[in-house]
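The values are calculated or read from the model by the stated rules, or taken from the named source; none is laboratory data. Model, not experiment: these values are computed from the prediction. Backbone-built Cβ (ideal geometry, glycine too); neighbour counts: all protein chains shown. Quick note on the areas: whole protein, heavy atoms, side chains included, nothing else; ligands and nucleic acids left out. Shrake-Rupley method; radii C 1.70, N 1.55, O 1.52, S 1.80 Å.
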Amino acid sequence: MLRISIITITFNAARNLQRTLDSVACQTYDHIEHLIVDGASKDETVGIAQRYQSQSRHEVTISSEPDHGLYDAMNKGLQRATGDYIVYLNAGDTLHAPDTIETVVSAVNSPRIATRSQREELTAESQRPAVVYGDTAITDADGRFLHLRTHRPPEKLTWRSFKKGMLVCHQAFYARLDIARQFPYNLQYRHSADVDWCIRIMKEADRLGLPLVNTYAVLADFEEGGDTTQHHRDSLWERYHVMSTHYGSIQTFLLHCWFIVRAPFQR
């Protein structure tokens, strides 16, 4: 049975942590590891997490210690995880439905086209997709649905897809742990290291010839007004640098010129 590691990063998150924990607790899939990596919160965050730990039927691990920001904490979770696949679900984010993890596991196990010689050469584990992905719903602060995310996942995702922006939300991007662990988050970024991380994992999948599998389902709910919204200008500059690194400066510049030109027609 596949083991799924869910990592939740918290810091003074008592206001919105409970619904995140509830969305994991109600999952119908049994083999879930939930790691809560706290940055030495001063509010009731750790107490809420501990009560959840005592009641959950899933394996829950809690740590609370100072860190050097969000992506440092995410790297800690990446190194501590023990599952086959990893996903980040931070305070305020929720799994979309009680069967969300079931949906992801079904996508991992779905048959894929391969020649007989390929099937003979590859083990079942090595044939597993590098990434399983889906759509994201945007909610208000009380968890009520507002709309689907503006950037929608493509039918066929590749590492080149993110030229058009982050088409798959971080919370709907399930990566194979053995691949993801090779690519820790780049701490030079404060707001967009997740974009860089996803691209690097997809590049490695392309190098290894591993599929990226679309679930065709909404996998996550994301609260409107997250970190990238609150730090919009800094996030845009970082994303421009990430895209230039992976896609080249000239192409990135031309693409952003096109974004500016088309923006008035998309309102």
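If you take the residues of the stretch 21-41 that are hydrophobic (A, V, I, L, M, F, W, C) and on the phi < 0 side of the Ramachandran plot, which of them is surrounded by the most Cβ atoms within 10 Å (Cβ to Cβ)? Quick ask: steps written out before the conclusion?
First, the residues of the stretch 21-41 that are hydrophobic (A, V, I, L, M, F, W, C): 21, 24-26, 32, 35-37, 40.
Right, trim to on the phi < 0 side of the Ramachandran plot and you get 21, 24-26, 32, 35-37.
Values: 21: 23, 24: 21, 25: 18, 26: 13, 32: 19, 35: 22, 36: 28, 37: 25.
Filtering the stretch 21-41 for residues that are hydrophobic (A, V, I, L, M, F, W, C) and on the phi < 0 side of the Ramachandran plot, the one surrounded by the most Cβ atoms within 10 Å (Cβ to Cβ) comes out as 36.
The test for being aliphatic (A, V, I, L, M), over 15 Å from residue 246 (Cα atoms) and either at pLDDT 95 or above or assigned to a loop (DSSP other than H, G, I, E, B) (or both) holds for residue 187. Return yes or no: is residue 239 modelled with pLDDT under 60 and of a type outside the set (Phe, Trp, Tyr)? No: the conditions fail for residue 239. Of the residues making up the stretch 192-214, those that are open to solvent by 10 Å² or more (accessible area, probe 1.4 Å) and part of a loop (DSSP other than H, G, I, E, B) number 3. Taken as a whole, the stretch 127-140 holds at least one residue that is of a type in the set (Lys, Arg), open to solvent by less than 70 Å² (accessible area, probe 1.4 Å), farther than 30 Å from residue 248 by Cα and at pLDDT below 95. Taking the numbered list (1) crowded, with 22+ Cβ neighbours inside 10 Å; (2) under 26 Å from residue 249 (Cβ atoms) in turn, residue 171 passes all entries but (2). Looking across the stretch 179-191, the residues that are touching a residue at least 24 places away in the same chain (Cβ under 8 Å) and either open to solvent by 30 Å² or more (accessible area, probe 1.4 Å) or under 18 Å from residue 68 (Cα atoms) (or both) come down to 181, 184, 185, 186, 187, 189, 190, 191.
Counting only residues that are farther than 18 Å from residue 170 by Cα and of a type in the set (Lys, Arg), the stretch 138-156 holds 1 of them.
Just wondering, is there one or more residues in the stretch 219-231 that are surrounded by fewer than 20 Cβ atoms within 10 Å (Cβ to Cβ), touching a strand residue (DSSP E or B) at 6+ places or on another chain (Cβ under 8 Å) and modelled with pLDDT of 95 or more? Checked the stretch 219-231: no residue is surrounded by fewer than 20 Cβ atoms within 10 Å (Cβ to Cβ), touching a strand residue (DSSP E or B) at 6+ places or on another chain (Cβ under 8 Å) and modelled with pLDDT of 95 or more.
Name the single residue, out of those in the stretch 146-157 being surrounded by fewer than 13 Cβ atoms within 10 Å (Cβ to Cβ) and closer than 19 Å to residue 239 by Cα, that is nearest to the chain's Cα centre (by Cα). By that ranking, first place goes to 152. Give the residues of the stretch 42-73 that are more than 18 Å from residue 223 (Cβ to Cβ) and open to solvent by less than 40 Å² (accessible area, probe 1.4 Å), sorted by residue number. Passing the criteria: 46, 47, 49, 52, 56, 58, 60, 63, 69, 71, 72, 73. Residue pairs whose Cβ atoms lie under 9 Å apart, separated by 6 or more positions or on different chains, with the first residue in the stretch 104-118 and part of a loop (DSSP other than H, G, I, E, B) and the second at pLDDT below 90, are 112/127; 114/122; 114/127. Of the listed requirements (1) under 16 Å from residue 203 (Cα atoms); (2) out of contact with any helix residue (DSSP H, G or I) (no Cβ under 7 Å at 6 or more places or on another chain); (3) modelled with pLDDT under 95; (4) of a type in the set (Lys, Arg), residue 152 misses just one: (1).
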